[in-house]
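Take a look at the structure set out below.
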Amino acid sequence: MKNKIMTPIIVLLISGLLMLNYIAYKSPAEHKMISQKTVYSLGTTKDFTVSLYSNHVGAYQSFEAVDKVSIEDMDGKKKLDVNLEKISKSRRYKYLDEFYQKYIYHINLPSLNAYFYIDEAYLNIRLKNGEETKFLMGSFDYYQSDQNELDLVELYGRKNQSFPYLDKVSFKLNLDSPIFIEYMVISNSDIVTVNQLVETNNLVEIHIPQINKTVNQISLKLIYLVNGERKEEILPYYLFYETLDNPLDYGLLNHVYLFD
């Protein structure tokens with residue numbers, strides 16, 4: 001009788017131990033988050049997103065746990081306080097035998113009267129418990145300009161086949177008189193020489209040298225001459241399409257953070 005009672009108890013205990021071992025095996029040994037160097041160049045919108053990847057669910061993935069968010073340089077001397085609107089969950093990716101969930105941080109920028117940029121910017125997230133982490137973003141340019149003299153007809157880009165970056169930008173302008181485009185500015189640190197005369201409705205194709213940053217959303221600025229006068233203008237906001245590739249496969253861009 002005693003053996004009949006003990007047998008199911010022993011089976012349950014063994015099953016429980018096996019389940020615990022399985023959970024321990026499946027759980028990541030180290031809690032990690034990954035950010036990627038990206039070009040952020042914003043000109044006609046105050047809303048944008050930053051993507052972070054995590055192999056666990058913790059406070060940094062909870063909107064309610066966040067106290068304050070800012071964009072700043074490494075030592076915090078140049079800083080822009082921003083509003084975190086929400087955190088949404090996106091796709092899941094495998095990287096180095098671990099699975100990482102993509103989290104999208106939706107951010108609203110304040111109004112500024114001057115051009116703001118940081119060549120190597122960080123997203124500083126401070127939690128309500130006082131903990132904070134700076135995640136490397138890449139370059140950050142915030143123009144906030146609504147002055148447009150050029151009449152843009154169309155604008156699109158093509159992704160590099162072997163790297164998650166813009167390979168070519170194409171656009172058309174409706175012009176009253178020809179202009180000579182000297183440069184296209186992607187960010188303060190990424191300027192492409194063009195030196196091309198453009199007439200109305202000409203298709204302008206600009207090939208972009210590979211830069212070790214991916215693209216999330218950018219505004220492009222043109223530096224050009226018209227009737228001998230040099231001008232600058234930010235083209236209407238351009239949103240780069242999301243690639244179907246696994247972004248974490250481009251390990252050169254990855255910056256890994258370990259958490260206790």
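Miscellaneous remarks
- Considering residues of region 195-208 that are closer than 18 Å to Asn227 by Cα and β-branched (Val, Ile, Thr) only, the residue surrounded by the most Cβ atoms within 10 Å (Cβ to Cβ): Val198
- The set of residues from region 80-109 being free of Cβ contacts under 8 Å to residues at least 12 places away in the same chain and not in a loop (DSSP other than H, G, I, E, B) comprises Arg91, Arg92.
The rows are residues; the columns are (1) closer than 24 Å to Lys37 by Cβ; (2) small (Gly, Ala, Ser); (3) crowded, with 20+ Cβ neighbours inside 10 Å.
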position	(1), (2), (3)
Leu123	yes, no, yes
Lys128	no, no, no
Met137	yes, no, yes
Asp141	yes, no, yes
Asn148	no, no, no
Leu152	no, no, no
Arg158	yes, no, no
Gln161	yes, no, no
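- Scan of region 172-209 for residues that are under 23 Å from Phe48 (Cβ atoms) and not in a strand (DSSP E or B), ordered by number: Asn188, Ser189, Ile208
- Sole exception among (1) out of contact with any helix residue (DSSP H, G or I) (no Cβ under 7 Å at 6 or more places or on another chain); (2) more than 23 Å from Leu220 (Cα to Cα) for Thr45, by number: (2)
- Qualifying positions in region 111-128 - of a type outside the set (A, V, I, L, M, F, W, C) and more than 20 Å from Ile186 (Cα to Cα): Ser111, Asn113, Asn124, Arg126, Lys128
- Strands (runs of 3 or more DSSP E) contained in region 110-171 and holding at least 1 residues within 19 Å of the chain's Cα centre (by Cα) and in the same structural domain as Asp67 (by TED's automatic domain parsing): 116-127, 132-142
- In region 225-236, the residues that are assigned to a strand (DSSP E or B) reach residues that are of a type in the set (A, V, I, L, M) with C-beta atoms within less than 6 angstrom, at least six apart or across chains, in these pairs: Val226/Ile179; Glu232/Ile223; Glu233/Leu150; Glu233/Leu222.
- Sub-7 Å Cβ pairs linking a first residue in region 133-162 that is aromatic (Phe, Trp, Tyr) to a second residue that is modelled with pLDDT of 90 or more and part of a loop (DSSP other than H, G, I, E, B), at least 6 apart or interchain, are Tyr142/Leu109, ordered by first then second residue.
- Qualifying positions in region 215-227 - surrounded by 21 or more Cβ atoms within 10 Å (Cβ to Cβ) and of a type in the set (Val, Ile, Thr): Val215, Ile218
- Among the residues making up region 59-75, those that are surrounded by 14 or more Cβ atoms within 10 Å (Cβ to Cβ) and either among the polar types (S, T, N, Q) or in a strand (DSSP E or B) (or both) are Gln61, Val66, Lys68, Val69, Ser70, Ile71, Glu72.
The values are calculated or read from the model by the stated rules, or taken from the named source; none is laboratory data. Please read these numbers as outputs of a predicted model, since none were measured by experiment. FYI the Cβ positions are ideal-geometry reconstructions off the backbone, even for glycines, and counts take in every protein chain you see.
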